Amino acid sequence: MSEILVDRHDAVMVITFNRPDKGNALNPALVAGLSDALDAAATDDGVAAVVLTGAGDRVFCAGLDLAAFSAGEQVGGDATAGFTRFFQERYPKPLIAAANGHVVAGGFEILLRCDLVVAAEHVEFGLPEAARGLAAAAGISMLSQRIPMAMVLELGLTAQRIPVQRAYDLGLVNSIVPTGAAREGALELAATVAANSPLSLRVTKEVAYAAEDGDHAAAWERVAAAMNTVMTSADAQEGARAFVEKRPPVWTGR
């Protein structure tokens, strides 16, 4: 079974994370497939907009596959260069997230790189990394440009989720739809976007994000340094093992 599904609807490309039994979690194969799909959409003149979604209606994307991480798998390398660019550079075409299920950890970070979000009414949003001995460095960095700092810290420090209505009130979601309708709602929105001039879409994104980005390169250097510290820590390994073994973690602070 392919970890990534790609299909076209006229000028809209739909990219689906296809590991529903694993919460659509990020493993090396899924990230490599996503990297290829994003690169293909970016360079295809026939694609005017991209929809990202997950298989099923339980989880949009659960972020890093902790079981795979605990077993020693690392997400990265040349095969995932497009995924790295997705975070470090502004994606050239409009991105619409169809949040079909809960949006957590790295899945939340992916959603924050999207321009528009359609979310199902049962969806919750969260950054549980601190409860796993990790840190949502990218998520915190992006959220701090979007919502009040008190809410950024609540999400990052408590590792608790918020309901979709609160995410909507904070401006993280454009529209809320019934459970099971996120993909269709996102496709409808994407079709409306794709009907417009490609040049106008590109310029609109560039102008809209110009003020927000600031010293983007420096910000991502800080994120990379923070993630290197956390991902190589004993607490990160303990958090992943505790998750797999379904027990409370025992932290050492190292």
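The values are calculated or read from the model by the stated rules, or taken from the named source; none is laboratory data. Please read these numbers as outputs of a predicted model, since none were measured by experiment. Counting neighbours? That spans all protein chains shown, and the Cβs are built from the backbone with ideal geometry, glycine included.
Table for the structure above
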read-out: Residue in segment 141-148 that is more than 23 Å from THR43 (Cα to Cα), out of contact with any Asp or Glu (no Cβ under 9 Å at 6 or more places or on another chain), without any contact (Cβ under 8 Å) to a residue 24 or more places away in the chain and in a loop (DSSP other than H, G, I, E, B) present; value: yes
read-out: Number of positions in segment 46-85 that are modelled with pLDDT under 85, assigned to a loop (DSSP other than H, G, I, E, B), more than 21 Å from GLU245 (Cα to Cα) and of a type in the set (A, V, I, L, M, F, W, C); value: 1
read-out: Filter result for GLY46 (touching a residue at least 24 places away in the same chain (Cβ under 8 Å), on the phi > 0 side of the Ramachandran plot, more than 12 Å from the chain's Cα centre (by Cα) and surrounded by fewer than 24 Cβ atoms within 10 Å (Cβ to Cβ)); value: no
read-out: Residues satisfying the stated conditions in segment 113-139, i.e. crowded, with 20+ Cβ neighbours inside 10 Å and out of contact with any strand residue (DSSP E or B) (no Cβ under 8 Å at 6 or more places or on another chain); value: GLU129, ARG132, GLY133, ALA135, ALA136, ALA137, ALA138, GLY139
read-out: Residue identified as in contact with a Ser or Thr (Cβ under 6 Å, 6 or more places away or on another chain), modelled with pLDDT of 85 or more and closer than 19 Å to ARG161 by Cβ among ASN100, ASN24; value: ASN100
